[in-house]
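Encoded as structure tokens, the structure appears first; notes follow it.
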Amino acid sequence: MNPWPFVVGAYSVAVLLTALLVIWAFASMRRAEAAADALTRK
Amino acid sequence: MHALANPTRFLRIAKPATDWLLLIGLALAIGGMAAGLTLSSPDYLQGETVRILYIHVPSAWLGMAGWGGIAAASVSQLVWRHPLAAVAGRAIAPAGATFAAICLISGSIWGRPTWGTWWEWDGRLTSMLVLFFLYLGYIGLAGAERERGGEGRIAAIYGLVGAINLPIIHYSVLWWRTLHQGESIGLTGSTIDNSILWPLPLTMIGFTCLFGAVVLMRIRAQLAETKVEARIRRMSQ
């Protein structure tokens, strides 16, 4: 059995889920902080 | 801990810490995974599939450490009523759930060529799956409690009760000797050869830094949302 499709598959899942988590956390933080800053400036 | 109860003081530390954790985490995780895929030696028995170790072990550690963080935040909330404890618990949960899922999926993918099966109701696998469902329950409960304006005490109690699963996961390979191998990395040493082991600290530290960055970003987002909600409430009165 060729092991590489399993290795690549496992790494792809790890990279994809970690990237989604980081991007989601970063985007929601920027959005929330921008809304708070906009309200402070008013 | 209580010195960080003031959100302004907390943000003064959290803002630069987020950037540093993100940068160091990305560099070490990418470097460690590249080294694990190309530079380290294959195992004499498992062959190339041993490379899944470099993502499976950090995700298992972070899945469990995440719930340890939730339990610590729960104690901090119930005993000292730390104002950031509930926020920290809610911030940790999505990251912990994600890494518990990565651990389960990568383990399953590793299991197919190594054990000949994608899944087995083995003690370690089952207790890790229970941890993933505990995370989902915590996310739902803490979110619902926040929406109803609660202080998060029910979620904190749930977080403490769920911590019972952590020693079960840890000792499962000793209590039920079924499919998952025993402990190969401990505090005093490892049974894995150094030619295979060396990229692991890179991915362990790298993914831990990314986990820390995500938690800080979620705390910052919640503090900003709370600020907006309070402002809107004041304006509407």
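Structure summary
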| quantity | calculated |
| --- | --- |
| Among B:91, B:73, B:35, residue whose mean-square fluctuation peaks in a GNM of chain B (springs only between Cα atoms under 10 Å) | B:35 |
| Estimated distance in nm for a label pair at residue B:118 and residue B:30, the labels positioned 7 Å out from Cα along Cα-to-Cβ | 3.2 nm |
| Charge sum, other residues only, whose C-beta stays under 14 Å from residue B:191's C-beta, Lys/Arg counted +1 and Asp/Glu -1 | -3 |
| Those chymotrypsin sites (Phe, Trp or Tyr not before Pro) in the stretch B:95-179 that DSSP places in a loop and that have at most 13 other beta carbons within 10 Å | B:118, B:121 |
| For residue B:41, net neighbour charge (Lys/Arg +1, Asp/Glu -1) across residues whose Cβ lies under 11 Å away | -2 |
| Approximate spin-label separation residue B:188-residue A:24, in nm, with each point projected 7 Å along Cα-to-Cβ | 4.1 nm |
| Angle in degrees between helix A:4-41 and the longest Cα principal axis of chain A, rounded to the nearest 10 | 0 degrees |
| Listed residues B:130, B:214, B:118: farthest to the positive end of the dipole of chain B (Cβ charges) | B:214 |
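Just so you know, all these numbers are worked out from the coordinates, no wet-lab data involved. Since the structure is predicted, the reported quantities are computational estimates derived from the model, not experimental observations. Here the Cβ is made from the backbone with ideal geometry for all residues, glycine too, and neighbour counts use every protein chain on show.
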